[in-house]
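A quick write-up on the structure given underneath.
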Amino acid sequence: MIARSGDIQPSLFDDVYASYKDFVNPPLARFMKLAGAPVEMRASGCRIWDEAGRSYLDFCGGYGVFTLGHMHPVVVDAVRAQLETMALSSRVFFNEKMGALAAALAKLAPGNLQITFFSNSGTEAVEAALKLARLSTKRTKIVSTQNAYHGKTMGSLTATGRDVFKDSFEPLIPQFEHVVFGDLEALDRALLDAAAFIVEPVQCEGGVIIPPDGYLRGVRDLCDAHGALLIADEVQTGLGRTGYVWGVDYESVVPDIMTVAKGLSGGVVPIGATISKLDVWMRAFGKSPLMHTSTFGGNPLACSAGLAAIKVLRDENLVQRSRMLGDYLLAKARELQAKVPDVIEHARGRGLVVGIELTSEGYGGVIIPECLKLGMTAAYTLNQQKVIRLEPPLIVTQEEIDEAMDIFAQGVTKAKEKLGRLAVR
Ligand SMILES: Cc1ncc(COP(=O)(O)O)c(C=O)c1O
């Protein structure tokens, strides 16, 4: 916006808001403004600073992207060094960093998962997994779960289990069936002649839903019995988020295909990865190596970030940290729940993904903006607006958790003051 002399100078916020409203997404711009969202200017560790220099504890954590916090120096240095030599791949020559990251992932992944296809986001990682499963098994049916979140491109969207995102795009891809998450009998019936079952070890966007113990083992057994492949969608649960390196490690299950994204870039460069067993991959692409490709997938910048992120995860013991601090955060959330059961119905979590389920969706509309006002980010889960997710970086400290939960408690008090007792909904 150009200001004429004599005009009141628009603030940076006004400028950015106007550009969102006019050129990005008008209704989202209005919604974000109403919620009190400022402009992000810089970030470091668990904090983000806005245009007025105010700082916010980031307990939304980019929906699980910032496992290492913002701008981890080891990752930033690795990306900067890569930028000095070659940013994107020629695609004609071998790319050293892609080979190295694929090898590192084979080492880190459960069991004999070995071959990695690289892309640039979670939904692309899922698309690759679905195509791989269909080609590898020569079957077409895919089983997924109700309330799942796998992304919003057509294949991933079809696998996603929330109608509001899907209905407008019907007809979607045929031969998908959704079963209740946690229900092995329903899965057994659905798996007849299926190519694959895709499942999240914890349904994060579904409202941090944790399946009953033994579910993932049972899933593995049923997939084996039916000759169907097991796709574990670890886009959000992977790389330490749940207090295990992978969400499936909770039950020592080895999937046939695994999708990874979010934390794999160390929060610095977008990345997606689909890791599969060698025989599964060879049956699909052994004779047609260019059947599924991505121009930017596996670029040197993203792979340098990935290599550095895996090193930090190990060097800083972040998986163990996630488990310990996750227990602490959950205990604090449960303490608060016990004090305000009229507003908070339930608190649950695994590692550093904690869901706070409200008695009524309406409370979130006050709690989230109030938290922001007091210096903390929090957000709804995408499929369940009654649940506020707390998903801080794995480098978070106990003091930062105390500070965040203090702010959250003030948000709850404000919601009670403003709304009184809402009908349970
Ligand atoms: C389990 C899971 N799969 C896939 C996706 C889609 O990832 P992206 O938004 O990077 O496409 C998400 C995003 O939240 C996710 O949580």
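The values are calculated or read from the model by the stated rules, or taken from the named source; none is laboratory data. The shown structure was predicted, so the numbers you read here are calculated from the model rather than taken from an experiment. No Cβ is skipped: glycine too gets one built from the backbone with ideal geometry, and neighbour counts run over all protein chains shown.
Descriptive notes on the structure:
- In region 242-263, the residue that is nearest to the ligand (Cβ to nearest atom) out of those that are among the hydrophobic types (A, V, I, L, M, F, W, C) and in contact with a strand residue (DSSP E or B) (Cβ under 6 Å, 6 or more places away or on another chain) is A261.
- Among the conditions (1) on the phi > 0 side of the Ramachandran plot; (2) touching a strand residue (DSSP E or B) at 6+ places or on another chain (Cβ under 7 Å), the only one that G266 does not satisfy is (2).
- The listed residues are A29, A43, and the only one of them that is part of a strand (DSSP E or B) and without any contact (Cβ under 8 Å) to a residue 60 or more places away in the chain turns out to be A43.
- S168 passes every criterion in (1) over 16 Å from D233 (Cα atoms); (2) buried (at least 19 other Cβ atoms within 10 Å of the Cβ); (3) of a type in the set (G, A, S) apart from (2).
- Count of region 46-80 residues which are in a loop (DSSP other than H, G, I, E, B) and without any contact (Cβ under 8 Å) to a residue 24 or more places away in the chain: 2
- Within region 266-282, being outside any loop (DSSP other than H, G, I, E, B) and touching a Gly at 6+ places or on another chain (Cβ under 7 Å) holds for one residue alone: G272.
- Looking across region 129-139, just one residue is over 21 Å from V253 (Cα atoms) and either within 16 Å of the ligand (Cβ to nearest atom) or not assigned by TED's automatic domain parsing to the domain that holds L191 (or both), and that is K131.
- For region 124-141, a residue qualifies if it is β-branched (V, I, T), surrounded by fewer than 23 Cβ atoms within 10 Å (Cβ to Cβ) and closer than 19 Å to A232 by Cβ, and exactly one does: T137.
- The listed residues are V254, V268, and the only one of them that is surrounded by fewer than 19 Cβ atoms within 10 Å (Cβ to Cβ) and not acidic (D, E) turns out to be V254.
- Single residue of I209, I231 found to be touching a strand residue (DSSP E or B) at 6+ places or on another chain (Cβ under 8 Å) and within 27 Å of D279 (Cα to Cα): I231
- Restricting L222, L239, L229 to residues that are more than 16 Å from the ligand (Cβ to nearest atom), surrounded by 24 or more Cβ atoms within 10 Å (Cβ to Cβ) and touching a residue at least 12 places away in the same chain (Cβ under 8 Å) narrows the list to L229.
- Scan of region 42-69 for residues that are aliphatic (A, V, I, L, M) and either crowded, with 16+ Cβ neighbours inside 10 Å or closer than 26 Å to G122 by Cβ (or both), ordered by number: A43, I48, L57, V65, L68
- Odd one out for E177, checked against (1) within 11 Å of the ligand (Cβ to nearest atom); (2) assigned to a strand (DSSP E or B): (1)
- Only strands (runs of 3 or more DSSP E) whose full extent lies in region 290-400 are considered here, and the ones with at least 2 residues that are outside the structural domain of N147 (by TED's automatic domain parsing) and within 27 Å of D50 (Cα to Cα) are 353-358, 379-381, 384-390.
- Residue within region 274-287 that is outside the structural domain of S322 (by TED's automatic domain parsing), within 21 Å of the chain's Cα centre (by Cα) and either of a type in the set (S, T, Y) or under 24 Å from R321 (Cα atoms) (or both) present: yes
- Top-ranked residue in region 96-118 [being more than 24 Å from A228 (Cα to Cα) and buried (at least 19 other Cβ atoms within 10 Å of the Cβ); ranked as nearest to the ligand (Cβ to nearest atom)]: L101
- Candidate set: region 182-202, residues that are of a type in the set (D, E, K, R) and within 24 Å of the chain's Cα centre (by Cα); chosen: the one surrounded by the most Cβ atoms within 10 Å (Cβ to Cβ): E200
- When restricted to residues that are in contact with a Gly (Cβ under 7 Å, 6 or more places away or on another chain) and of a type in the set (K, R), region 220-265 contains 2.
- Unique match (being under 28 Å from G240 (Cβ atoms), in contact with a strand residue (DSSP E or B) (Cβ under 7 Å, 6 or more places away or on another chain) and charged (D, E, K, R)) among R348, R323: R348
- Per the listing G411, G420, G375, the residue uniquely in contact (Cβ under 8 Å) with a residue 12 or more places away in the chain and under 17 Å from I344 (Cβ atoms) is G411.
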